[in-house]
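Asker: Input: one structure, supplied below.
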Amino acid sequence: MGNDDIKRLLKKLNTYRMERDLTLQEIAALLKMSVSQIDLLDNGKVKRPHKRTLYKIKKLLGEI
C-alpha cells in the first residue's frame with residue numbers, strides 16, 4: 001500500500017468517525033487498539049502503519 005492509499009484510508013476513517021459522531025476512544029475500542037495509536041494515526045504522526053493496523057481499518061470501513 002502506497003502513501004497516497006494510506007492517506008486516503010485514514011481520511012476515510014476520520015470521515016467514518018465524524019459521520020457517526022464517534023470519539024477516538026470509541027474508534028479505538030472498535031479497532032481493538034489503544035487511543036494513543038488512533039490519535040497518532042489521526043494526527044498524521046505515523047507515516048507507515050503496520051499492515052495489521054491497515055487491515056483492521058479496512059475491515060471496519062467494509063473494504064474487506
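The values are calculated or read from the model by the stated rules, or taken from the named source; none is laboratory data. Worth saying up front: this structure is predicted, and the values here are computed from it rather than measured. Quick reminder, even Gly has a Cβ in these numbers, built from the backbone with ideal geometry, and neighbours come from all protein chains shown.
Asker: Run down Arg8, Arg48 and say which single residue is free of Cβ contacts under 8 Å to residues at least 12 places away in the same chain and of a type outside the set (Asp, Glu). Show your work before the answer.
Answerer: On the way: Arg48 fails: free of Cβ contacts under 8 Å to residues at least 12 places away in the same chain.
Arg8 is the lone residue from the list that is free of Cβ contacts under 8 Å to residues at least 12 places away in the same chain and of a type outside the set (Asp, Glu).
Asker: Taking the options Leu22, Leu13, name whichever one is of a type in the set (A, V, I, L, M) and over 10 Å from the mean Cα position of the chain (by Cα).
Answerer: Of Leu22, Leu13, the one residue that is of a type in the set (A, V, I, L, M) and over 10 Å from the mean Cα position of the chain (by Cα) is Leu22.
Asker: Could you count how many residues in region 35-62 are surrounded by 11 or more Cβ atoms within 10 Å (Cβ to Cβ) and closer than 18 Å to Gly2 by Cβ?
Answerer: Qualifying residue count, region 35-62: 9.
Asker: Determine whether region 15-31 contains at least one residue that is under 19 Å from Asp4 (Cβ atoms) and either surrounded by 11 or more Cβ atoms within 10 Å (Cβ to Cβ) or of a type in the set (S, T, N, Q) (or both). Working first, answer last.
Answerer: Kept after step one, since they are under 19 Å from Asp4 (Cβ atoms), are these residues of region 15-31: 15-16.
If we keep only those that are either surrounded by 11 or more Cβ atoms within 10 Å (Cβ to Cβ) or of a type in the set (S, T, N, Q) (or both) too, we end up with 15-16.
Yes, because at least one residue in region 15-31 is under 19 Å from Asp4 (Cβ atoms) and either surrounded by 11 or more Cβ atoms within 10 Å (Cβ to Cβ) or of a type in the set (S, T, N, Q) (or both).
Asker: Would you confirm whether or not region 14-28 contains a residue that is of a type in the set (A, V, I, L, M, F, W, C) and touching a Leu at 6+ places or on another chain (Cβ under 7 Å)?
Answerer: Within region 14-28, none of the residues are of a type in the set (A, V, I, L, M, F, W, C) and touching a Leu at 6+ places or on another chain (Cβ under 7 Å).
Asker: Something else about it: Just to be sure, is Ile64 out of contact with any strand residue (DSSP E or B) (no Cβ under 7 Å at 6 or more places or on another chain), assigned to a helix (DSSP H, G or I) and of a type outside the set (S, T, N, Q)?
Answerer: Criteria not met by Ile64.
Asker: Being of a type in the set (Gly, Ala, Ser) and part of a helix (DSSP H, G or I) is the filter; apply it to region 1-38 and report the residue that is nearest to Ile57 (Cα to Cα). Before you say what the answer is, go through the steps one by one.
Answerer: Step one: of region 1-38, the residues of a type in the set (Gly, Ala, Ser) are 2, 28-29, 34, 36.
Still in the list and also part of a helix (DSSP H, G or I): 28-29, 36.
Details: Ala28: 10, Ala29: 12, Ser36: 15 Å.
Going through the qualifying residues, I end up with Ala28.
Asker: Please enumerate the residues belonging to region 4-14 that are surrounded by 14 or more Cβ atoms within 10 Å (Cβ to Cβ) and not hydrophobic (A, V, I, L, M, F, W, C).
Answerer: Lys12
Asker: Do the conditions hold for Asn43, that is, is it of a type in the set (S, T, N, Q) and either within 15 Å of Glu63 (Cβ to Cβ) or free of Cβ contacts under 8 Å to residues at least 40 places away in the same chain (or both)?
Answerer: The answer is yes for Asn43.
Asker: Among the numbered criteria (1) hydrophobic (A, V, I, L, M, F, W, C); (2) loosely packed, with under 15 Cβ neighbours inside 10 Å; (3) at pLDDT 90 or above, which single criterion is violated by Met1?
Answerer: (3)
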